[in-house]
Amino acid sequence: RYFENLSAVTLSAPSLLSFLEIIEEEEIIEIGQELGKERPYELILKRGIKPSYESAKWYILEVLGAQSGWMSASINVRGGNEYIHLSHPFGYKWSLFLRGYFGTFFKEVVGVSPETDVLSSSVTFTFNLKDLEKART
């Protein structure tokens, strides 16, 4: 189904997995990075919200997590770091896409480059709290 107001199409999980199977890992990363430069920024602005680290977390948790089903997200703070953990059932290539998409968004728009851990069903972004504080000022 096409959602005109979001310029988006819904796909079933088997359809998404079929696409992911035929796209090379390097291409998945590039696609995620390219889309991450503008798409989340645009969608946050479209809702009348200033792009920031806090609005990025909202976008991840509420829009792409709860509403769109891209993944389940949790955020934890421990030992001077903040962790954004994204879990999903779509395999390693989807993890690579998410790393590229959000990694680029965090770097380009928020001004912070997190460490990432990519697994077959999750991606974890680790932010140093001191770096986040610098980016907010």
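The values are calculated or read from the model by the stated rules, or taken from the named source; none is laboratory data. This structure is a prediction, so every number in the text was calculated from the model and none was measured. Here the Cβ is made from the backbone with ideal geometry for all residues, glycine too, and neighbour counts use every protein chain on show. Remember, those area values only see protein heavy atoms, side chains included, never the ligands or the DNA or RNA. Shrake-Rupley method; radii C 1.70, N 1.55, O 1.52, S 1.80 Å.
Looking only at residues of the stretch 89-115 that are touching a Gly at 6+ places or on another chain (Cβ under 9 Å) and not in a helix (DSSP H, G or I), we find that the one that is surrounded by the most Cβ atoms within 10 Å (Cβ to Cβ) is PRO114. Taking residues in the stretch 63-77 that are closer than 14 Å to ALA13 by Cβ, and partners anywhere that are in a loop (DSSP other than H, G, I, E, B) and modelled with pLDDT of 90 or more, the pairs with Cβ atoms closer than 6 Å and at least 6 places apart or on different chains are MET71/HIS88. Residues of the stretch 19-74 that are among the acidic types (Asp, Glu) and assigned to a loop (DSSP other than H, G, I, E, B): GLU24 alone. In the stretch 87-111, the residues that are farther than 13 Å from LEU17 by Cα and acidic (Asp, Glu) reach residues that are modelled with pLDDT under 95 and part of a helix (DSSP H, G or I) with C-beta atoms within less than 7 angstrom, at least six apart or across chains, in these pairs: GLU108/LYS37.
What tally of residues in the stretch 65-82 results from selecting those that are open to solvent by less than 30 Å² (accessible area, probe 1.4 Å) and either among the small types (Gly, Ala, Ser) or more than 22 Å from ARG136 (Cβ to Cβ) (or both)?
2
Against the conditions (1) open to solvent by less than 30 Å² (accessible area, probe 1.4 Å); (2) modelled with pLDDT of 90 or more; (3) over 14 Å from the mean Cα position of the chain (by Cα), LEU132 satisfies every one except (2).
Residues considered: ARG39, ARG47. Of these, the only one that is open to solvent by 50 Å² or more (accessible area, probe 1.4 Å) and within 17 Å of the chain's Cα centre (by Cα) is ARG39.
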